[in-house]
Amino acid sequence: MAISPDVVLRESFGRREFLRRGAGALLLALGSVLPGCRAGEVRDEGGPFSDSERQILRAICNRLLPGGAGAPAAIELDVAGTIERLLRELGPHATSDFRSLLAVFEWSPLLFQAKPRRFTRLAPQDQDQVIRGWATSRIGFRRTGFVAIKRVAMSTYYAQEASWAAIGFPGPWLLS
């Protein structure tokens, strides 16, 4: 006896879950065609990001890790550049969704807050408000996207020795 695809869909997840998953897929697809982050945009040195994508990632990292109180800023440690180098080693299959996420992040003030400006062109306090919006959003895609970017940025930042003194980390133990 064959099972109808409609029955499988209804049994797998409900309407809300379908809309949540569909919205995330739609936003990723939208991210691939938004201006400033197109697949055809020139990338230098074979890197996974175009100049505009690099600028978006740099702006997000700088707001998440501004430095202060003895801690270096993300820009001082080139966190965005390190992330790009790591993703380059993983290959294009690992970067396509991340690139789409950056595009949606760039246009999120217009998409989610009706502000007619890109993320990278906002004042720092407005950028912080956009980031908080991603972190606390009722839309699962936005929260998940925020967590992904934050985890990559934080792990890249704290993997660098220059960040250790500010948190009192003496460095890795050496076993003899």
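Looking at the range 94-119, which of its residues are of a type in the set (Asp, Glu) and either modelled with pLDDT under 90 or surrounded by fewer than 21 Cβ atoms within 10 Å (Cβ to Cβ) (or both)? Full working, then the answer.
If we filter the range 94-119 for residues that are of a type in the set (Asp, Glu), which is where we start, we get 97, 106.
Asp97 - this is the single residue of the range 94-119 that is of a type in the set (Asp, Glu) and either modelled with pLDDT under 90 or surrounded by fewer than 21 Cβ atoms within 10 Å (Cβ to Cβ) (or both).
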Practice problem: Can you confirm whether the range 71-93 contains a residue that is surrounded by 13 or more Cβ atoms within 10 Å (Cβ to Cβ) and over 23 Å from Asp51 (Cα atoms)? | Solution: yes
Residue pairs qualifying under the 6 Å Cβ cut-off, at least six apart or on distinct chains, with the first in the range 150-174 being under 18 Å from Cys61 (Cβ atoms) and the second being surrounded by 13 or more Cβ atoms within 10 Å (Cβ to Cβ) and aromatic (Phe, Trp, Tyr), are Ser163/Tyr157
Considering the range 144-176, residues that are closer than 18 Å to Ala103 by Cβ and not hydrophobic (A, V, I, L, M, F, W, C), and then whichever is farthest from the chain's Cα centre (by Cα), we arrive at Thr144
Only one of (1) free of Cβ contacts under 8 Å to residues at least 24 places away in the same chain; (2) touching a Ser or Thr at 6+ places or on another chain (Cβ under 8 Å) does not apply to Pro48, and that is (1)
Exception for Val104 within (1) in contact with a Phe, Trp or Tyr (Cβ under 9 Å, 6 or more places away or on another chain); (2) within 15 Å of Arg54 (Cα to Cα); (3) free of Cβ contacts under 8 Å to residues at least 40 places away in the same chain; (4) of a type outside the set (Ser, Thr, Tyr) falls at (3)
* Asked: What about Phe141, is it crowded, with 19+ Cβ neighbours inside 10 Å, in contact (Cβ under 8 Å) with a residue 40 or more places away in the chain and of a type outside the set (Val, Ile, Thr)?
  -> yes
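The values are calculated or read from the model by the stated rules, or taken from the named source; none is laboratory data. Please read these numbers as outputs of a predicted model, since none were measured by experiment. Glycine also receives a Cβ, built like all others from the backbone with ideal geometry; neighbour counts cover every protein chain displayed.
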